[in-house]
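Structure, as structure tokens:
The values are calculated or read from the model by the stated rules, or taken from the named source; none is laboratory data. Note that the coordinates shown come from a computational prediction; the quantities given were computed from them, not determined experimentally. Virtual Cβ from ideal backbone geometry, glycine too; neighbours counted across all protein chains shown.
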There are 2 protein chains.
Amino acid sequence: MTRDNRQQVGKRDTRRATSYDVARLAGVSQSAVSRVFKTGASASQKMRERVLAAANEIGYRPNAIARGLITKRSNMIGVVISRMTNLYYPELLVQLTQSFSDRGIRVLLFTLEHESEIDVVLEHTLQYQVDGIVTAAILDSAQLDMLDAAGIPVVLYNRQAKDAQAAAVCCDQEEGEAWLVSRLIEAGHQRFAIISGPEDSTVSTQRTSGALRRLSEFGVNEVTVVAGDYSHESGFRGALEIQELLGALPDAVIAANDAMAIGCIDAAREVLGAQVPEAVSVVGFDGIGAAEYAAYQLTTVRQPVARMTHATVDMLLQRIENPEIGHEQRIFQGTPVRGRSARLTEDGGT
Amino acid sequence: MTRDNRQQVGKRDTRRATSYDVARLAGVSQSAVSRVFKTGASASQKMRERVLAAANEIGYRPNAIARGLITKRSNMIGVVISRMTNLYYPELLVQLTQSFSDRGIRVLLFTLEHESEIDVVLEHTLQYQVDGIVTAAILDSAQLDMLDAAGIPVVLYNRQAKDAQAAAVCCDQEEGEAWLVSRLIEAGHQRFAIISGPEDSTVSTQRTSGALRRLSEFGVNEVTVVAGDYSHESGFRGALEIQELLGALPDAVIAANDAMAIGCIDAAREVLGAQVPEAVSVVGFDGIGAAEYAAYQLTTVRQPVARMTHATVDMLLQRIENPEIGHEQRIFQGTPVRGRSARLTEDGGT
């Protein structure tokens, strides 16, 4: 249904007022107008009032972008985020935008369907002459070199560069999985399956290999791994696939994120008639909002999104200020969440 | 835990290559370089190859922003979204960004903690000289006038302007609620309670008043309304508050969004020991991902986000192309979802 509700508006002057218009009206020079609007530049109180009154009258606003061309700063940061990252961490983008905004910097958003599409998007970020880039998609050394040559600092969010060093802020995926595996093992779980994330996700690779490594340290070397894509549906399908491959559910399913863990629980309960955690323990990773819903109460590892976001903003601004500083990696510990979706021993962990 | 991993990088020339540098290297004029990079401008194949080879060699990229100053287009759209909107519709932002991106337009993101903060943010969008604005926050007539005077078209997403007309793309909140109420009434529900959204949310106001109006048409005039803030927790608290006010749960709880409906179900089951839908029917609105989780399977109305997003992009681009066209409102019907969180009669609705 579409309602049409047109009303004619009068023709109007859409030309933007310039600093010259303000100068003419205020009877001062254009450079005086510039000084009034420039942070830190000197102008008398009287001059300031005169200019601001004139600016107000004709609706003049300093042009942040034109100013950027002069200061060589656009005051814009490119944020490259994959579709899936945003669907499961909407708060990441909100907090990142808010945090940059508090420093007077705007976020120019670039989304990817898949992490591997990054090449095209990088080219676009360069054309908009952003001051820096935060990317939640993996970069290789050629891409890092290109950004380096263009003089654009980059911080990787929850990613490490392929075959190269880069500034990065991460959650310790492997340590988080090690905590989960240790708690499951000490509570007597013996047969394990893993639902991994998309093939091109480094976070998934780190989580899966972290879990496998810890399991191997405990002598568990036969682990069924099925592939998901981070979505709830793929977790649901993953549980059915595991049941089919093994002929029964294992003692525990380790999902590479919370959304898939919830999908796995849904399939276990609704299709396979298996209680969680009585018949099968299911653990996730991330600490998304739905992980706390009463019906799931996931055993998981929560990423400290607020701390990671602040670290990302700080690190990028430092690199913009001083492009010559060396790379830094800040790796944050996740917060273990006992939840109720896994059978853990009383004193296991927090 | 923070790991420090510094490595020194050599000093490098961070000055960006200009079209003059390309012209010098290619042995052509600067205007020839401009023509090669301008869409639709003529240049011989030989000239094109020569310029592109030179541009490639020194890493020149046309500056989208400087070009914008000349064409009077920044090719950027400001998207103003409130924190809560994004937390419950991450796909809105992803689809909007992707859809603009397909047309070569970038999204400059502005987030609000509360819809009422819009004034400050509007001022910022103007400074960045965006070509247009999509806002999922309410605007009043003074704010619309300001944008109009600045020559910046705006499309309201799921909002209607306060005491003024504006271009808008909405889901029909009232019709959606009317569907939900009619199904509940025909299935015999008599006592109703509502958990509303934040006071400054027009969507919540429309949903709540839409439900109340339809209930009144059916002769139900005593309805308990408690205030939520769109969050899961506030739906949880809302259920407890309703139980305390009424001394018992009503036949049905109408939550102004899905997240609160899920919170309400959690409280009913976990704290009040009431089965859903056997003891109490709970309905939501939105059709978020979690509404489909097996543990909830919400009876709700799904917003057609993809269609609404495309309509928004089309409408804004039309207004940018021709600022003189009158306002249009496109109001989309939501998709009723029967789900399993309400006791409905067999033949009720879809």
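Taking the listed residues A:Ala252, A:Ala291, A:Ala279, A:Ala256, the one that is over 29 Å from A:Gln333 (Cα atoms) and in contact (Cβ under 8 Å) with a residue 24 or more places away in the chain is A:Ala279, with no other qualifying. Taken over the range A:112-121, the residue count meeting the criterion of being modelled with pLDDT of 80 or more and more than 11 Å from chain B (Cβ to nearest Cβ) is 2. Residues of the range B:282-309 that are of a type in the set (S, T, N, Q) and closer than 14 Å to B:Cys171 by Cα: B:Thr300, B:Gln303, B:Thr309.
Checked against the criteria, A:Gly273 does not count as closer than 22 Å to A:Arg207 by Cα and outside the structural domain of A:Tyr88 (by TED's automatic domain parsing). Summed over the range B:317-339, residues that are part of a loop (DSSP other than H, G, I, E, B), among the polar types (S, T, N, Q) and within 17 Å of B:Val169 (Cβ to Cβ) total 1. If the condition is being assigned to a strand (DSSP E or B), of a type in the set (A, V, I, L, M) and touching a Gly at 6+ places or on another chain (Cβ under 9 Å), then the range A:98-125 contributes A:Val107, A:Leu108, A:Leu109. Considering (1) surrounded by 22 or more Cβ atoms within 10 Å (Cβ to Cβ); (2) part of a helix (DSSP H, G or I); (3) not hydroxyl-bearing (Ser, Thr, Tyr), the lone condition that A:Val301 does not fulfil carries the number (2).
Only one of the listed residues (B:Ile325, B:Ile262, B:Ile288, B:Ile331) is within 11 Å of chain A (Cβ to nearest Cβ), β-branched (Val, Ile, Thr), within 30 Å of B:Arg106 (Cα to Cα) and buried (at least 21 other Cβ atoms within 10 Å of the Cβ). That residue is B:Ile288. If only one of B:Ser209, B:Ser201 is farther than 30 Å from B:Asp131 by Cβ and not acidic (Asp, Glu), which one is it? Exactly one residue qualifies, and that residue is B:Ser209.
Any idea which residue in the range B:334-347 is nearest to the other protein chains (Cβ to nearest Cβ), counting only those that are more than 30 Å from B:Ala164 (Cα to Cα) and surrounded by 16 or more Cβ atoms within 10 Å (Cβ to Cβ)? Among them, the one singled out is B:Ser341.
Residues in the range B:308-316: is at least one out of contact with any strand residue (DSSP E or B) (no Cβ under 6 Å at 6 or more places or on another chain) and either closer than 24 Å to B:Trp179 by Cβ or assigned to a loop (DSSP other than H, G, I, E, B) (or both)? Yes - at least one qualifying residue is present in the range B:308-316. The set of residues in the range B:159-172 that are touching a strand residue (DSSP E or B) at 6+ places or on another chain (Cβ under 9 Å) and either more than 13 Å from every other protein chain (Cβ to nearest Cβ) or acidic (Asp, Glu) (or both) comprises B:Arg159, B:Asp172. Taking the conditions (1) assigned to a loop (DSSP other than H, G, I, E, B); (2) surrounded by fewer than 23 Cβ atoms within 10 Å (Cβ to Cβ) in turn, B:Gln95 satisfies each one other than (1).
Here A:Leu156 qualifies as hydrophobic (A, V, I, L, M, F, W, C), in contact (Cβ under 8 Å) with a residue 12 or more places away in the chain and more than 10 Å from chain B (Cβ to nearest Cβ).
For the range A:137-145, state whether one or more residues are in contact (Cβ under 8 Å) with a residue 24 or more places away in the chain, among the aliphatic types (A, V, I, L, M), within 11 Å of chain B (Cβ to nearest Cβ) and in contact with a strand residue (DSSP E or B) (Cβ under 9 Å, 6 or more places away or on another chain). Within the range A:137-145, none of the residues are in contact (Cβ under 8 Å) with a residue 24 or more places away in the chain, among the aliphatic types (A, V, I, L, M), within 11 Å of chain B (Cβ to nearest Cβ) and in contact with a strand residue (DSSP E or B) (Cβ under 9 Å, 6 or more places away or on another chain). Kindly indicate whether any position in the range A:64-82 is of a type in the set (A, V, I, L, M), over 30 Å from A:Pro198 (Cβ atoms) and either at pLDDT 75 or above or under 27 Å from the mean Cα position of the chain (by Cα) (or both). Yes: the range A:64-82 contains one or more residues that are of a type in the set (A, V, I, L, M), over 30 Å from A:Pro198 (Cβ atoms) and either at pLDDT 75 or above or under 27 Å from the mean Cα position of the chain (by Cα) (or both). The numbered conditions (1) surrounded by 22 or more Cβ atoms within 10 Å (Cβ to Cβ); (2) more than 13 Å from every other protein chain (Cβ to nearest Cβ); (3) within 30 Å of A:Gly78 (Cβ to Cβ) are all true for A:Leu317 except (1).
Of the strands (runs of 3 or more DSSP E) lying entirely inside the range A:126-172, those carrying at least 2 residues that are at pLDDT 90 or above and closer than 22 Å to B:Gly59 by Cβ are A:132-135, A:154-157.
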